[in-house]
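Engineer: My questions all concern the structure below.
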Amino acid sequence: MLQNLALVKAQYSSLTNENGGIVDDLLIYCIEENKVYMLVVNASNIEKDWEWIMRHNTNAVEMR
């Protein structure tokens, strides 16, 4: 869980679809506790992953 992710430490995880299947794997870094996270996705899937994350950003989280 992200609340257990220490500052500037990585956690291996995955993006899952609505059925629990894997869209892609990624690394999550906590840059600022409970505020700023960095996702590192596979370069070959960056567009696909970005589109998926944008479509599912239901809380209007600032992304760049």
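The values are calculated or read from the model by the stated rules, or taken from the named source; none is laboratory data. Just so you know, these numbers come straight off a predicted model, no measurement behind them. We place every Cβ from the backbone using ideal geometry, glycine too, and count neighbours over all the protein chains shown. The protein model used for the area step is the full one, side chains on, heavy atoms only, and it has no ligands, DNA or RNA in it. Shrake-Rupley method; radii C 1.70, N 1.55, O 1.52, S 1.80 Å.
Engineer: Within region 44-60, can you find the residues that are within 21 Å of Tyr12 (Cβ to Cβ) and either open to solvent by 90 Å² or more (accessible area, probe 1.4 Å) or modelled with pLDDT under 90 (or both)? Spell out how you get there, then give the answer.
Structural biologist: Of all residues in region 44-60, those within 21 Å of Tyr12 (Cβ to Cβ) come to 44-46, 48-50, 52-53, 56.
Those that are within 21 Å of Tyr12 (Cβ to Cβ) and either open to solvent by 90 Å² or more (accessible area, probe 1.4 Å) or modelled with pLDDT under 90 (or both): Ser44, Ile46, Lys48, Trp50.
Engineer: If you don't mind, there's one more thing I want to ask. Looking at region 1-36, which of its residues are closer than 19 Å to Glu62 by Cβ, open to solvent by 100 Å² or more (accessible area, probe 1.4 Å) and not basic (Lys, Arg)?
Structural biologist: Correct list: Glu33, Asn34.
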